[in-house]
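These notes are about the structure you will find just below.
The values are calculated or read from the model by the stated rules, or taken from the named source; none is laboratory data. Please read all numbers here as calculations on a predicted model, not as lab measurements. Counting neighbours? That spans all protein chains shown, and the Cβs are built from the backbone with ideal geometry, glycine included.
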Amino acid sequence: MTNSHQSKPVDDAVNVDVAVIGCGPTGATLANLLALSGISVLVVDREPAVYPLPRAVHFDDESMRVFQAVGIADALAAQSRVNPGMRFVDEHDRLLLDWPRPVDVGMHGWHGSYRLHQPALETLLRESLSHHDRVQIELGVQLLSVEEDDEFVNLLLQNVATESQIQCTARFVVGCDGANSLVRHYVGAHMEDLGFRERWLVVDVLLHSEQPELGDHTVQYCSTRQPMTYCRNPGLRRRWEMALPAELSDAHALEENRIWQTLKRWIQPEQAVIERKAVYTFKSELASRFRSGRLLIAGDAAHLTPPFMGQGMCAGIRDASNLAWKLAWCIRNPAHSFSRLLDSYQQERSPHVKQYIKAAIQLGGLINSVDAKSVESLIESNDAEALRMASIKPAIGDSDWVLELFDTTHHQGAMCAQPCLADGTKLDDFTGYQFVFICRPELSAWGGLVPEGVAAGLVVLNTRDHPELEQLLDSMHQNAVLVRPDRYVLSGMLTLDEAQLTNRSLIGARLV
Ligand SMILES: Cc1cc2nc3c(=O)[nH]c(=O)nc-3n(C[C@H](O)[C@H](O)[C@H](O)COP(=O)(O)OP(=O)(O)OC[C@H]3O[C@@H](n4cnc5c(N)ncnc54)[C@H](O)[C@@H]3O)c2cc1C
């Protein structure tokens, strides 16, 4: 992967192309992808170190593909664990619902589900950032305020330890500043409550030695009395989460004696140490807007998902991948209006994440509401197959930008698979975080139609040179596909005419 573009400040007042507020998984991923696109980035986080309390323990193949683009996938895979799936059981351990996750590598070139230790991921993302010349990371620095004008955003930052203030100017600011986002306030967004709000205790333990009897599946213990979750995390880490009754205070819930008492069915104090514990209120919220002018929000700043599907962080990673190439385009083309392209960010991402939030709420409902009577009826009324659940794969929302750009709507919004090329190289490793045009030989004339210079950000692959890509086109019933850097299909094409139309649209939009 190369940094083909080096953006230049328009005048001396511009410090940086993009200021990313918050260096959690969303901000760190976004900053990495922007850096790969040749964009200068300032990342600030008010905390001096990665968040220490227990949070994400799961991510999926789509997120892994983004981490692959960043360049940390192999290192992350080495510290993660392939997850065989999730089981929902009743208080007598009777299986209510099975959600097996394929243990084979799937269409994205990775396993469908991984277990991780979130600080390990965040450390890798930060290490990767430190290798980019055009990225400046300031830890222990918080955003105090922003002020936007037509061309820039002026930021007032503060070193938390010394209280000294720092001024900065950026073309765009992205608030990846978590659930209590300050940038969201400046965007003028409110959080729509989608209906889930519960207080849970989360406990991470470190086993002294392997205890295979605990099992490798995630288990949701469904109950009206004491809903709980067990997670088999990498190495000797294991997690239990439990819903808290309203009358139990946080302080009482966090008492170690009480925790061991709750866990005694599975584990005794002499078998492990409690590594981390925290009480959270799990919420389901979606921001009313993701952008105002040059200010945007991403990750938990834009949406909150109950953790039952392990998708909150994954949604932030998808935000970063969707947004980075769009911001890069806006910065490379300062004379063009950016509104429509940047509006597509919310139009595409908001309905997508909403589907995950709703599915997580449904699962939360199941975990909470199952009593002995409903179990009996569930088991009687279903055969084994009906008790199986499959992963959802929502398409991104339609955007005005795409609808205006293309006459055809073949496969827009679907994700492109990642096969391996003949020498074993994964497709994305070959292409980098770029636009890719994959075509049958008869449409490859299209590639030659792109004027010199315009094609700088486009990789063209035809099936004569890469017969291993035939199956990819066959599966989509297309003769060519144009794939965005976030691996979504921008357009499929059947004929050379359609390809030429696409070509003109791209040049018109100066996309590649
Ligand atoms: C118990 C639990 C389990 C979870 N399990 C999963 C899971 O298995 N899978 C999954 O995908 N997700 C899971 N999640 C959700 C996941 O942890 C979050 O979605 C994810 O951490 C959000 O990342 P982010 O980068 O958007 O925000 P954060 O990680 O919250 O990062 C925001 C950063 O912004 C910084 N910041 C805030 N304000 C300012 C400011 N004014 N100036 C400078 N910096 C600022 C903060 O210090 C912080 O570092 C879980 C969450 C919880 C609580």
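Values as computed for the structure displayed
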quantity: Given (1) outside any loop (DSSP other than H, G, I, E, B); (2) away from the ligand (no atom under 11 Å from the Cβ); (3) within 30 Å of Phe282 (Cβ to Cβ), index of the condition His111 fails; calculated: (1)
quantity: Unique match (being away from the ligand (no atom under 11 Å from the Cβ), outside the structural domain of Thr425 (by TED's automatic domain parsing), part of a helix (DSSP H, G or I) and among the small types (Gly, Ala, Ser)) among Ser63, Ser128; calculated: Ser128
quantity: Unmet criterion (only one of (1) in a helix (DSSP H, G or I); (2) away from the ligand (no atom under 16 Å from the Cβ); (3) at pLDDT 85 or above; (4) out of contact with any helix residue (DSSP H, G or I) (no Cβ under 7 Å at 6 or more places or on another chain)) for Gln355; calculated: (2)
quantity: Residues of region 48-102 satisfying the condition of being β-branched (Val, Ile, Thr) and within 30 Å of Ile21 (Cα to Cα); calculated: Val50, Val57, Val66, Val70, Ile72
quantity: Residues of region 236-259 that turn out to be away from the ligand (no atom under 16 Å from the Cβ) and either touching a residue at least 12 places away in the same chain (Cβ under 8 Å) or closer than 30 Å to Ala78 by Cβ (or both), as a count; calculated: 3
quantity: Number of the exception - Arg289 against (1) in the same structural domain as Arg184 (by TED's automatic domain parsing); (2) within 16 Å of the ligand (Cβ to nearest atom); calculated: (2)
